[in-house]
Structure formats: C-alpha cells, structure tokens
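A.B. asks: This is the structure I have questions about; it appears just below.
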Amino acid sequence: IPAQIPGAKHVTTNNNHHRAAVTLSNENDEEQQSSSASSSSSAGDEVIYRPTISDDDAASIKSRSSTRRYTTRQRTGDLPDVHWRSIPMSHLRAHPNFQPLPPPSQLSALPTKEHVRYFRQESWQWDYLHRGRCTTSQTAAALGFLESKAAHYLGIPNSLRRGGYSAWQRLREEVPSEIENLTELERVLCEGRADNNNNNNNATATMSDCAAETYNSWRPGTKESERLWISSQQLRQRRHNNNITTSSTSSTSYYRRKPFPFSAKYIPSLTRDELRQRKMYVEHIEQSPSPMATRMRWGNAQEATSVLTALNYFCGLDEDTVIREVGMCGAGFDPDVDNSDTNVRDGALLQGLSIGATPDALVCHSDGTVEVLEVKNHCPFVWNKISPHYTGNKGGGGGGGNRNRNKKKKKLHSNRRRRHQNSRKLNDDIADDYGDGEPAKKFAPKHYLIRDFHLERRIPPVYIPQLMMEILCVGNAVDLDGNAQSSSSSEPLCKSAVMVRQTATKGAIMLRLNRDEEWITEMQYFLGRFKKEYVDTGIIPEDNFFWESGGERYHKFLERTKELSESVEFVAFIDHQKIQRVVFEHNVK
C-alpha cells in the first residue's frame, strides 16, 4: 500500500488512474511536484519506491560494486548439434518461390548434353559426372592458389592450404566412355528411360517432349506443400477474411495484424522425440571428435537454411523472383561439344579439359537476369584447448601438431605439448576424485566451444575461383527448353554471383561478385597449362608450381584475385532475428 511506504506520495492524474510516484522526503515542495508528475507518466500503475540513502551507505555500495568481478561463462559442450534449427532441403523444395529439380527417376531423356544439370546433387548421376572433370572443389588447387607461397600472398588460412596433388589425382581419373556419346550417356543416366526394346524414333521424340515438360513443371504434391508452407499471399488473404486491419487495437490480434516477415510461413516444429533421436546420432558419431568433420557436417546441414535466407531477401524485393535448384553445369564446354566460336576458344585455352560447377541455386529475377547463388555457413563449434582430445591439430583429435611451416614451430609445439599435458593432468585429477562415472564426465573439460563469427564485407580470395567457375559454367543455358529468355544472344545471361555468408549467432551478409572476362580467360589458361604439363604427362606437381614458371603473368593473376576479393559489391546484411529457421515446440529446449 503506497500510504505505508515512507517517502511515497499519491498523485492523481487526469486519466483517473491512481498512481504512486516517488519523492524524497528531504526535497522541497516544488521539486516534489515536478518529480511526481514525471514519475507518474512513466511508472504506470506500478508503485516505485526510492528510499533515502545516506552517504556512508552509498560509499559502501560503491566499494562493493567496484570489487565485484563478473565473468561470462564460456559455452562449451561435447555434442555439437550441426542440425540446429535447420530446414531440410526436402522441405525447401516445397516452398512456393523455389523451383526444385525432379527426382532422377522422372528424367527420361537428355535432349542435349547440358541437360545433365537437371540431376540433383545427392543423386548417383551427379557423382558419376565428376569423374575426370575439373570442378569447383579442385579449381583453386589446380591454379596453385593453395600452395604455400601463393596462399600466403592471398591470405588463405593454413587449414585450407594443400598442394595440387588432389586436383592432379582427380583429373588423372579415366573419363567414362559413355560421357563422350549423348546416346550412351542418356542410356546410363536416365532412370526414367523406356525399355530399349521399345525405343524407336517416335518413342524418342515423345520422351524428349516429356523430359522438357518434367524439367520445368515438376513440383512436390499439393498436400505436402500445404503441410509445410503457407505463402504470404495466403496469410494476407486470411487476415482479409477475418477483417483484421492495422487499426485494430485488440491485443489478441496483434500478431495477426503484424505483417509476416518472410515470403512463406514454415509450419513444422521440432519435437522432443526428434531432438532425442538427433542427440543419439551425435553421440554415435562424436565418439572420436573431429572439428573438421563437424565443420563439414554443419555446412551441409545448414545449406538449405542459407538458401532460404537469400530467397526471403530477393522475394521480399520482388515477389516474381524465383530461386531454382540446379545440378552440375558446364557439360557444354566438353571437348566433344562444338556449339559456338566461344566454346572453340575456351576449348583451346583449356587444352581439352572438362570442367563443371554446381551452384547452390540460381536466382532468376523477373527482368530475365540470372545470378549464381553460393552459400557459406560458418560453423560455430571450435576446439576447446583444454579438452583431452586437443593436441594442437586443427584437423582432428590425434596426430599432435600441425604442419604450418611456421618459423616458431618448435616453440609453438612445446606450448601445445605443455597445454596438452596440463589438460591430461586435470582429467587424471578428476578421475581420482570422481572415478570414471557420470560425475567425472560432468566436471571434465568439454570438447567444443561456441564462437561468435564476425562477418567482413569481402569474399575470401580462396572462393573467387569457385564463383567465377560457376558463372562461366552456367553461361547462357539457364532455361534449356526455351520457356524463359532466349540464350542465343552473344552476351552471357549470367553476369554475377551472390554469396551468402551465414553464421549461427551474428546474422548473415550478402555480397555480389561481378563477372570478369579477363580473369576467367586467365583461369582457363592456367587450368589448361596444369592439364598439359602435369595431368597429360603424369608428373606430380611440385611445391609452389606456377609461382616461378608462371612468371609475371601468374603474379598479375594473383594480384587481380586480391583486387576482386576486396572490391565486391555489398548487397545486404541480414540480422540474426530475421533469419528464418525451424522453431521448437512448446516446452522443448
């Protein structure tokens, strides 16, 4: 009761609400009235009491607050949830603004060789097409960017540095003979192909027509889509049918009146049983912890969520924008394909090398322009340095010490050995005190820490070859069946790539890299040299190849790569709260 609180005073305002404001008993009447009026306007129906504090009490409080130390507890654990709030790719395919690829069993014919891009990434056909082909995973290595000197010049981290042996080994693989013949390629890859006994000319023409229809019109079932998504148009229609307007003041209709921030509402939620099953799976695969494997699993599991982030942004600007799924592009650049003078020129530069690239998606704008979409998910889980599994090797739990060619390698390794011995001693002490049961596991150091990844307005140089290769391979053949803008123009239809770099705690950033013809020509030249000098001759690439033999032309190529990395176009920053993810059911944590 305000009357029973010393120093409190009643104030009655014009809105007939009984409020209490706080005034100090030793102030004058004029100060009491002004402070009461201001307190009543901000305190509402709450009674706020500010007692009078003596000088001695204030000094003691100040001394206690100055000596108190607040430390934030590190977020640690043993079971990294790589599927944290992720939306699976199978659900994204049912999104109203996403154009998915049909299942491989629905594809019955290949009208052209470039039509192999309609096979999904997880299909065996997609893996089959990688044999002997230089794809984006091998491009940087084949260009020598991952060698020690070039990587140091470009600022590529040690964890990504490796020689050109992996690219040399991939390109040395024997290319399947069926790839050189379109008829044989269709027979091997197309699961929906009719029986060979009934394969006459009329049947072939019919299959080509069916294939064109399947490529452009296939979508998941209506019931499945309605079970997973509610489009923003449907949400607006529901508000209109319920006569909910923005002027409504009802508290129950507030969230209905508020415009939905995404292009569609995701219906499923995470249940307790699903969370329990996921935990059992992580316990099984984390018996021998490896941060590199965890990083790879995080990137694969969160890929569809990052694509959805780009979809919500571009569709928010233009509702007619469509995000299209795509498989491996670039089969039209194969040596046996001769479609235009451009392909002849590119083939001469590549020395007969087969190339390919698989973007995460294609952004098809309403004005007919197309952009490559590539997403990178930065894993929040890193090694805990006092973990018993940590030995200084960033790639895994064992093997002590990394080969980073550091000048202070001996001192660095001695510090790591000392830190590892201390963590072992700490674990032994815990085992002596608590045994080997649950208490020991509770107090033992955890394997992983959660880091906050701060984003920069740049694309790391190591990703420039990947994006440029995707731009080159997408080329003009975006809509191979002629339902969109014609691809017969001399200029390429795909002129840029958008990269989404998404984190778990700090939002996402979207950057655009424009097509650079001179850089693409240089890339083709050095890839052709790699094939001619090492792949065709069977000679394993030496350390820092192209650094000396490439001469001034190679150093200018590296310099231009750094310039492209720093001069990318900033598109948008997506706040953490504005990233659409799966939500938990009530009382599920």
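A.B. asks: Being in contact with a Phe, Trp or Tyr (Cβ under 6 Å, 6 or more places away or on another chain) and either over 30 Å from GLN233 (Cα atoms) or not hydrophobic (A, V, I, L, M, F, W, C) (or both) narrows it down to one residue among GLN121, GLN138, GLN99, GLN125; which is it?
C.D. replies: GLN125
A.B. asks: For the structure I just gave you, tell me whether VAL500 is of a type outside the set (S, T, N, Q), closer than 15 Å to MET468 by Cα, surrounded by 17 or more Cβ atoms within 10 Å (Cβ to Cβ) and touching a strand residue (DSSP E or B) at 6+ places or on another chain (Cβ under 6 Å).
C.D. replies: It is false that VAL500 is of a type outside the set (S, T, N, Q), closer than 15 Å to MET468 by Cα, surrounded by 17 or more Cβ atoms within 10 Å (Cβ to Cβ) and touching a strand residue (DSSP E or B) at 6+ places or on another chain (Cβ under 6 Å).
A.B. asks: Hey, another quick one. Taking ALA431, is it small (Gly, Ala, Ser), at pLDDT below 50, assigned to a helix (DSSP H, G or I) and open to solvent by 30 Å² or more (accessible area, probe 1.4 Å)?
C.D. replies: yes
A.B. asks: Right, another one. Only one of these conditions is not met by ARG193: (1) among the basic types (Lys, Arg); (2) in contact with a Lys or Arg (Cβ under 9 Å, 6 or more places away or on another chain); (3) at pLDDT 90 or above. Which number is it?
C.D. replies: (3)
A.B. asks: If ASP336 satisfies all but one of (1) modelled with pLDDT of 75 or more; (2) surrounded by fewer than 18 Cβ atoms within 10 Å (Cβ to Cβ); (3) at negative phi, what's the number of the condition it fails?
C.D. replies: Only one criterion in (1) modelled with pLDDT of 75 or more; (2) surrounded by fewer than 18 Cβ atoms within 10 Å (Cβ to Cβ); (3) at negative phi is unmet by ASP336, namely (1).
A.B. asks: Anything in the stretch 105-130 that is open to solvent by 10 Å² or more (accessible area, probe 1.4 Å) and modelled with pLDDT under 90? List them, or say none.
C.D. replies: Within the stretch 105-130, SER105, GLN106, SER108, PRO111, THR112, LYS113, GLU114, GLU122 qualify.
A.B. asks: Inside the stretch 91-145, can you point out the residues that are assigned to a loop (DSSP other than H, G, I, E, B) and of a type in the set (Phe, Trp, Tyr)?
C.D. replies: Those that are assigned to a loop (DSSP other than H, G, I, E, B) and of a type in the set (Phe, Trp, Tyr): PHE119, PHE145.
A.B. asks: I would also like to ask the following. Mind checking whether some residue in the stretch 236-252 is open to solvent by less than 40 Å² (accessible area, probe 1.4 Å) and modelled with pLDDT of 85 or more?
C.D. replies: No, the stretch 236-252 has no match at all.
A.B. asks: Could you please give the count of residues in the stretch 154-175 that are of a type in the set (Lys, Arg), surrounded by fewer than 19 Cβ atoms within 10 Å (Cβ to Cβ) and modelled with pLDDT under 90?
C.D. replies: 1
A.B. asks: Okay, moving on. Considering only the stretch 507-535, state which residues are more than 31 Å from the chain's Cα centre (by Cα), in contact (Cβ under 8 Å) with a residue 60 or more places away in the chain and surrounded by fewer than 17 Cβ atoms within 10 Å (Cβ to Cβ).
C.D. replies: Selection gives LYS532 alone.
A.B. asks: Among the residues of the stretch 138-153, is any modelled with pLDDT under 90, within 28 Å of the chain's Cα centre (by Cα) and open to solvent by 60 Å² or more (accessible area, probe 1.4 Å)?
C.D. replies: no
A.B. asks: GLU438 fails exactly one of the following numbered conditions: (1) within 28 Å of ASN384 (Cα to Cα); (2) open to solvent by less than 60 Å² (accessible area, probe 1.4 Å); (3) at pLDDT below 80. What is the number of that condition?
C.D. replies: (2)
A.B. asks: Still on this structure, I have one more. Is it the case that LEU101 is among the aliphatic types (A, V, I, L, M), in contact with a Cys (Cβ under 8 Å, 6 or more places away or on another chain) and under 30 Å from GLU319 (Cα atoms)?
C.D. replies: Considered against the rule, which asks whether it is among the aliphatic types (A, V, I, L, M), in contact with a Cys (Cβ under 8 Å, 6 or more places away or on another chain) and under 30 Å from GLU319 (Cα atoms), LEU101 comes out as no.
A.B. asks: Something else about it: Pairs please, first residue from the stretch 260-271 and without any contact (Cβ under 8 Å) to a residue 40 or more places away in the chain and within 14 Å of HIS91 (Cβ to Cβ), second anywhere and outside any loop (DSSP other than H, G, I, E, B) and open to solvent by 30 Å² or more (accessible area, probe 1.4 Å), Cβ atoms under 9 Å, 6+ apart in sequence or on different chains.
C.D. replies: Matching pairs, first to second residue: LYS265/GLN234.
A.B. asks: Can I ask one more? I'm trying to understand the selection: among the residues of the stretch 287-299, which are under 18 Å from LEU160 (Cβ atoms), touching a residue at least 60 places away in the same chain (Cβ under 8 Å) and not charged (D, E, K, R)?
C.D. replies: SER290, PRO291, MET292, ALA293, THR294, TRP298, GLY299
The values are calculated or read from the model by the stated rules, or taken from the named source; none is laboratory data. As the structure is a prediction and not an experimental result, all values here were calculated from the model. Note that we place each Cβ from the backbone using ideal geometry, even for glycine, and neighbour counts take in every protein chain shown. Accessible surface areas use protein heavy atoms only, side chains included; no ligands, DNA or RNA. Shrake-Rupley method; radii C 1.70, N 1.55, O 1.52, S 1.80 Å.
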